[in-house]
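The values are calculated or read from the model by the stated rules, or taken from the named source; none is laboratory data. Model, not experiment: these values are computed from the prediction. When we count neighbours, we look across all protein chains shown, and the Cβ atoms used for this are built from the backbone with ideal geometry, even at glycine.
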Amino acid sequence: MYFQGMSVIVCIVILVCTCCSGVATAQKTAPVTGIDVNDDVIDHSRFDSLWRASKKHGKLDTRAVATEVYASYRRALAEARPNMFYPQARIAFWVNAYLAVLMDVMSYRAGYRSTIWDSLFLTRDTVTVAGGRFTLHQLADTVEKIAGSVAVRAFFCTGSSTGPPYPSRALYAKTVKSALREQLRRLIRSEKFVLYDPAGRILQLARMFESWIPKMKAEQGSPIQFLLPWMTEETAAQVALAGSQIRIQISDRIETFKRQH
């Protein structure tokens, strides 16, 4: 009887260990995706409405952070698990998280004259997103890793005139690609950020592009090849004709030539 009892106990232990091993294996091999490629991590619609209503004449009205809509969205961002979804949904999630946090940071840094004066603007404050603590700078780095391209940096405005423009609206999984195309065109076709001088064969780039250059080279072989698809047709043709004779100049302030009438 003793040995029979021991045999039963051993069998139960083996069965339990096998089941636990199976669960652990299932957790490792389970697909880390949403049901559909267009599934969002959380509902972004109310934040989208809030974001669009807060943009006025190129500036951001940060009073929205005092609303319950904003507070509930921040709670959803803090508790979400974006790693269980497709890359497009994760990109949309983290870009929107950046924009939402930016509104908050700008609201209590309102006394600062500019992001140039406050050099720690992007790294001073940490917030909870997806269960972790992040600065604005770290949120942007997270998106770049997911996207695998420096192009997503076009979304990361700072409220400064030296940074990218505010995105037109919040992102959704299904709009990530079209929104990125729109944002790159707005950024690269603006003479505030990119200006080609055909007479001197000089391509002036705003200072923000300086950190992009090594990644542009890694992705497309050169900054020019990276920027070319997003330029106007006229500028792209001039740049293509100049070829290797173009010199890139990083400028704190893009210099333009105004014709006298």
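Residues that are of a type in the set (Gly, Ala, Ser) and assigned to a helix (DSSP H, G or I) occur at least once in region 211-219. Considering only residues in region 103-137 that are at pLDDT 95 or above and not in a loop (DSSP other than H, G, I, E, B), the one that is surrounded by the most Cβ atoms within 10 Å (Cβ to Cβ) turns out to be 129. When restricted to residues that are over 13 Å from residue 41 (Cα atoms), touching a helix residue (DSSP H, G or I) at 6+ places or on another chain (Cβ under 7 Å) and surrounded by fewer than 17 Cβ atoms within 10 Å (Cβ to Cβ), region 68-99 contains 1.
Only residues that are touching a residue at least 40 places away in the same chain (Cβ under 8 Å), crowded, with 17+ Cβ neighbours inside 10 Å and not in a loop (DSSP other than H, G, I, E, B) were counted across region 157-184, and they come to 4. For the criterion of being touching a residue at least 24 places away in the same chain (Cβ under 8 Å), within 26 Å of the chain's Cα centre (by Cα) and under 30 Å from residue 47 (Cα atoms), residue 215 fails. Among the residues of region 185-226, those identified as closer than 29 Å to residue 50 by Cβ and surrounded by fewer than 20 Cβ atoms within 10 Å (Cβ to Cβ) are 185, 186, 189, 190, 192, 208. All of 73, 2 fail the test of being hydroxyl-bearing (Ser, Thr, Tyr) and either in contact with a Lys or Arg (Cβ under 9 Å, 6 or more places away or on another chain) or at pLDDT 95 or above (or both), apart from 73.
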